[in-house]
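Engineer: Take this structure, written in structure tokens, and hold onto it; I'll ask about it next.
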Amino acid sequence: MEKIAILCCGGTIDKIYFDAKSAYRVGKPAAEAVLRRARIAPEAEVAAPQSLLRKDSLDITAADRETIAAAVRKCKAKRMVITHGTDTMPQTARAVESALKQKPAKNKTVVFTGAFSPAKFRESDSDFNIGFALACARLLPTGVYIAINGKILPAATAKKNRKAGVFESGG
């Protein structure tokens, strides 16, 4: 079984709020706690999460997207999950897809996921989304995808419908 790498970029999934009146900060990758809670054992071939960024996705720049794409190309794993904020996840997924086409990295399956509420919140969708993304990374063919809230979308057509609070295909 191939090892799945987990690269973490911040976003709502990793946010920590101190109280209702304070600002948030992006904490350490929530994926670490999710893997512990899910009892993902080392023999499951899931690598320890690696933190690339600790940013709200609205603050991710073109240079950050290049950093993410470079990390994907450099990663020895052929299958990976990237946690990312939902607001600009489609843009980053398409940037990674484009970078992989320009400088091919053979047989990479890259699955982006995130959450609509922080992993620290009891009602968060983070645990499900990370588990779902891991399953997708294990089973999907080569390509770049967004897997969130039970949906699998190709990066090329995925978009966030802010009004409905869901991801959908844009084309």
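Engineer: Suppose only helical runs count, i.e. DSSP H with n ≥ 4. What mean residue ellipticity at 222 nm does that imply for the chain under -39500 (n - 2.57) per run, divided by all residues and rounded to the nearest 500 deg cm²/dmol? Walk me through the intermediate numbers first.
Structural biologist: Details: 4 runs with 48 residues, N = 171.
Dividing the helical sum by the residues of the chain leaves -8500 deg cm²/dmol.
Engineer: Tally the DSSP beta bridges in segment 50-153 and give the antiparallel ones as a percent, rounded to 5. Intermediate results must be reported in sequence, preceding the final value.
Structural biologist: On the way: 3 of 12 bridges.
That works out to approximately 25 percent antiparallel.
Engineer: Just to be sure I understand: with springs between alpha-carbon atoms less than 10 Å apart, which residue in Lys103, Lys76, Lys151 has the highest mean-square fluctuation in the Gaussian network model of the chain?
Structural biologist: Lys103
Engineer: Counting only residues 5 or more places away or on other chains, whose amide H sits under 5 Å from the amide H of Ser51 once H atoms are built in the peptide plane?
Structural biologist: Cys8
Engineer: If you work out P(r) over Cα pairs in 10 Å bins from 0, in percent from the coordinates, which of (1) 11, 43, 37, 9, 1; (2) 10, 39, 37, 12, 1; (3) 11, 35, 24, 11, 9, 6, 3, 1 do you get?
Structural biologist: (1)
Engineer: Using the crude model of +1 on Lys and Arg Cβ and -1 on Asp and Glu Cβ, and no other charge, please compute the dipole size for segment 1-122 relative to its Cα centre, in debye to 20. Each step should come with its number before you reach the end.
Structural biologist: On the way: 23 positive and 12 negative charges, 58 e Å.
Computed about the Cα centre, the dipole is about 280 debye.
No value in this document is a laboratory result; all are computed from the given coordinates. As the structure is a computational prediction, the values presented were derived from the model and not from experiment. All Cβ positions, even for glycine, are placed from backbone atoms using ideal geometry, and neighbour counts span all protein chains on display.
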